[in-house]
Amino acid sequence: MVEERLYLRSDLKLLAVAMLLGTNSSYVSECINSIRRQSFSQFVNTYRIRRAKKLLRQQPDAKTAIIATESGFSSEATFFRNFKAATGMTPREWLASLQ
């Protein structure tokens, strides 16, 4: 996930990851669930949110849609929903809280 930055692919699916690992999707899902206590989507979005935070710090004036796309989210709405679920704040609120 980290080396290949798979999380940046907005169309990333569990099956694609399983194929890259040379195993089946059930095994990958089970591993993520047992080790991280997350679903595949939550696991991937953790990396995407981390990337979004980094981009927001580096480019505070960037449009949210650009941050969303460059973080691997398929839409701005999906980005907002997941960011707020993870942080309790919108991206701009989170950025303002750093100051």
Selection within region 1-23 - open to solvent by less than 50 Å² (accessible area, probe 1.4 Å) and assigned to a loop (DSSP other than H, G, I, E, B): Met1, Leu12
Subset of region 24-72 (residues that are small (Gly, Ala, Ser), under 11 Å from the mean Cα position of the chain (by Cα) and surrounded by fewer than 17 Cβ atoms within 10 Å (Cβ to Cβ)): Ser41
Pick from region 73-99, criterion within 10 Å of Asn45 (Cβ to Cβ) and polar (S, T, N, Q), ranking: nearest to the chain's Cα centre (by Cα): Asn82
Just name the residue that is farthest from Ser10 (Cα to Cα) out of those in region 73-99 that are of a type in the set (S, T, N, Q) and open to solvent by 70 Å² or more (accessible area, probe 1.4 Å). Gln99
Using beta carbons and a limit of 8 Å, which pairs, at least six apart or on different chains, have the first residue in region 2-23 and among the charged types (D, E, K, R) and the second one part of a loop (DSSP other than H, G, I, E, B)? Arg9/Gly72; Asp11/Ser74
Output for Cβ contacts, cut-off 7 Å, separation at least six or different chains, first residue in a loop (DSSP other than H, G, I, E, B) in region 57-78, second open to solvent by 80 Å² or more (accessible area, probe 1.4 Å), reads Gly72/Arg9
Among the residues of region 41-52, is any touching a residue at least 60 places away in the same chain (Cβ under 8 Å) and in a helix (DSSP H, G or I)? no
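The values are calculated or read from the model by the stated rules, or taken from the named source; none is laboratory data. In this text, all values refer to a predicted model and were calculated from it rather than measured experimentally. Here the Cβ is made from the backbone with ideal geometry for all residues, glycine too, and neighbour counts use every protein chain on show. All accessible areas refer to the heavy atoms of the entire protein, side chains included, with ligands and DNA or RNA removed. Shrake-Rupley method; radii C 1.70, N 1.55, O 1.52, S 1.80 Å.
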